[in-house]
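Here the structure is laid out as structure tokens; the discussion comes afterwards.
The values are calculated or read from the model by the stated rules, or taken from the named source; none is laboratory data. Everything quoted here is computed from the prediction, not taken from an experiment. Cβ placement follows ideal geometry from the backbone for every residue including glycine, while neighbour counts extend to all protein chains displayed.
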Amino acid sequence: MAIQQKFFIQTFGCQMNVYDGQRIAAMLESKNWVSTDDISDADLIILNTCAVRAKATDKVYSALGRIRRAKKESALLGIVGCVARESGGDAFRRIPELNFVLGPQSYHKLPEIIKNPDTKLLNIDLGGLEKFDELPQMTKSPTVAYIPIQEGCNHCCTYCIVPYTRGRELSRPFDDVMRDTINAAKTGAIEICFLGQNVNGYKYTDANGKLYRLSDLIRETAKLPKISRIRFTSSYPTEMTDDLIEMFGTEPKLLPFLNMPIQSGSPRILKLMNRPDDLDNYKNIVKKLKSVRPDIQISSDFIVGFPDETDEDFAQTLDIAQEIKYINSYSFKYSPRPHTAAALMHNQISEQIKSVRLQRLDFQLNENQREFNISCIGKEMICLCEGNDKTGRHLVFRTPYMQQCIVDKPDYEISPLQKIKITDANKASLRGEIIK
Ligand code: SAH
Ligand code: F3S
């Protein structure tokens with residue numbers, strides 16, 4: 001029997017990258033490759049990269065520095081994803097050992113370099129969805145299946161490199177998304193998470209002129225008996241159309257949790273960010289959501305220290321975080337990125353001020369999270385099992401709000417969905433008991 005070739009893949013960044021990483025692994029496995037965690041034993045090494053903040057890019061290059069010393073001489077080494085697109089051919093100059101640099105929409109070209117290992121392969125083209133068609137369907141779905149429905153973003157927030165790295169927005173055909181969703185349900189998925197950089201901007205018109213939106217995907221997916229939970233990420237505030245808001249009232253499988261980033265609470269900064277700056281409109285969307293689903297919770301991403309952000313502007317960010325009571329949120333220091341307008345703006349904020357603001361915002365967000373977690377004590381929720389914790393003595397569940405809930409492992413078999421009574425909480429997680 002021929003010796004099986006081994007690949008190592010490391011994924012950085014967002015859920016879309018996690019999905020891309022799974023597709024790459026599935027493609028290699030279908031060609032009889034096996035995965036390894038040992039870089040020195042791998043014949044093919046792939047870093048699946050994120051460029052959203054400078055730190056993310058730096059991480060990739062420092063990993064490459066380590067890997068080029070540890071790898072086998074003959075091993076193929078390459079980067080795929082957003083750093084590949086950001087760096088382009090320059091990556092070969094920085095790391096001469098690189099064999100391939102493939103952008104987020106070109107990783108299906110990987111077999112070319114395997115066939116021609118003595119060449120260098122650069123492809124950072126945008127504008128196609130072929131990768132979705134050219135890669136094999138997955139044969140076993142994880143319990144939570146991430147299904148990309150669109151790629152790229154037309155919004156052009158002035159700080160964001162994503163429109164450059166992932167390109168203009170493209171929505172996948174409705175039938176293709178449903179084919180992947182049904183396949184996931186058949187092969188083990190219980191939860192579907194629709195993915196997109198601007199997921200609620202999904203719009204697909206078929207040959208007969210019929211328009212499909214995200215609400216149509218949710219309605220159709222909810223009909224699948226094997227699927228119990230549906231969610232989607234990331235949403236753009238002004239694309240929360242009424243048909244989508246209504247789904248939260250009519251479709252119980254849609255989880256009562258929505259990621260709808262605001263980024264800043266200052267209309268002045270939001271304008272500079274080229275984001276929707278009408279806070280009343282944003283609050284009105286939250287109000288509508290609560291009126292159809294009173295228990296809904298919202299999460300956000302925040303950027304502190306955007307160019308020209310004053311103490312006053314930042315205070316407005318603290319105010320909105322307090323007012324909306326966001327849970328499960330992310331906050332970042334503004335990081336100037338190539339190919340973005342904000343990197344060229346005046347009044348860049350010092351690292352020191354950014355750090356102080358981040359700390360203050362995190363304190364507020366943690367307080368919100370703690371308060372919400374504590375308010376859950378005594379409640380019963382249907383939760384999805386993610387597996388064992390590190391000790392092996394507990395099971396880790398996800399609540400409908402994506403909180404982590406730790407439960408003592410029972411001595412009997414359980415199904416992945418369980419009704420759990422929340423018995424205790426802190427800011428990081430919940431404790432609970434399975435209700436038999
Ligand atoms: N809608 C997209 C957002 C991608 S970037 C999606 O989720 O697919 C994820 C988050 O990173 C953004 O919401 C923003 O808060 C943060 N971010 C993006 N560019 C940034 C930058 N230049 N500096 C700091 N944070 C940034
Ligand atoms: Fe980036 Fe703004 Fe789009 S954050 S991904 S340009 S909505």
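Residues that are within 16 Å of ligand 2 (Cβ to nearest atom) and not assigned by TED's automatic domain parsing to the domain that holds Phe397 are absent from the range 204-211 altogether.
Taking the range 67-167 as the region of interest, the strands (runs of 3 or more DSSP E) fully inside it that hold 1 or more residues being more than 16 Å from ligand 2 (Cβ to nearest atom) and β-branched (Val, Ile, Thr) are 76-81, 100-102, 144-148. Scanning the range 129-158 for residues that are closer than 20 Å to Asn200 by Cα and either aliphatic (A, V, I, L, M) or in contact with a strand residue (DSSP E or B) (Cβ under 8 Å, 6 or more places away or on another chain) (or both) yields a count of 12. Every test in (1) modelled with pLDDT of 95 or more; (2) under 23 Å from the mean Cα position of the chain (by Cα) is passed by Gly387 save one, and that test is (1). Among residues of the range 310-333 that are away from ligand 2 (no atom under 16 Å from the Cβ), those with a Cβ under 6 angstrom from a residue that is in a loop (DSSP other than H, G, I, E, B) and aliphatic (A, V, I, L, M), sequence gap 6+ or separate chain, pair up as Asn328/Met402. Residues of the range 374-384 that are in contact (Cβ under 8 Å) with a residue 12 or more places away in the chain and more than 23 Å from the chain's Cα centre (by Cα): Ile374, Cys376, Ile377, Gly378, Lys379, Glu380, Met381, Ile382.
Cβ-Cβ contacts under 7 Å between residues 6 or more apart (or on different chains), taken from a first residue in the range 395-408 that is of a type in the set (Ser, Thr, Tyr) to a second residue that is assigned to a strand (DSSP E or B), are listed as Thr399/Met381; Thr399/Cys383; Thr399/Cys405; Thr399/Leu430; Tyr401/Phe257; Tyr401/Gln297. Among the residues of the range 86-110, those that are crowded, with 22+ Cβ neighbours inside 10 Å and closer than 26 Å to Pro148 by Cβ comprise Glu86, Ser87, Ala91, Phe100, Val101, Leu102, Gly103, Pro104, Gln105, Ser106, Tyr107, Leu110. Could you list all residues from the range 380-422 that are loosely packed, with under 13 Cβ neighbours inside 10 Å, of a type in the set (D, E, K, R) and farther than 13 Å from Gly432 by Cβ? Of everything in the range 380-422, those that are loosely packed, with under 13 Cβ neighbours inside 10 Å, of a type in the set (D, E, K, R) and farther than 13 Å from Gly432 by Cβ turn out to be Lys390, Arg393, Asp411, Glu413.
Consider the range 27-60 and keep the residues that are assigned to a helix (DSSP H, G or I) and crowded, with 17+ Cβ neighbours inside 10 Å. The one that is farthest from ligand 2 (Cβ to nearest atom) is Ile39. Checked against the criteria, Thr310 does not count as of a type outside the set (D, E, K, R), modelled with pLDDT of 95 or more and in contact with a strand residue (DSSP E or B) (Cβ under 7 Å, 6 or more places away or on another chain). Looking at the range 300-337 only, could you name the residues that are surrounded by fewer than 17 Cβ atoms within 10 Å (Cβ to Cβ), within 15 Å of ligand 1 (Cβ to nearest atom) and not in a loop (DSSP other than H, G, I, E, B)? Asp301, Tyr330, listed by residue number. In the set (1) away from ligand 1 (no atom under 16 Å from the Cβ); (2) surrounded by fewer than 21 Cβ atoms within 10 Å (Cβ to Cβ), the condition left unmet by Cys156 is number (1).
For every residue, the table says whether it meets (1) out of contact with any strand residue (DSSP E or B) (no Cβ under 6 Å at 6 or more places or on another chain); (2) in the same structural domain as Ile147 (by TED's automatic domain parsing); (3) within 13 Å of ligand 1 (Cβ to nearest atom).
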residue	(1), (2), (3)
Arg219	yes, yes, no
Ile230	no, yes, no
Asp242	yes, yes, no
Met247	no, yes, no
Ser266	yes, no, no
Asp277	yes, no, no
Asp280	yes, no, no
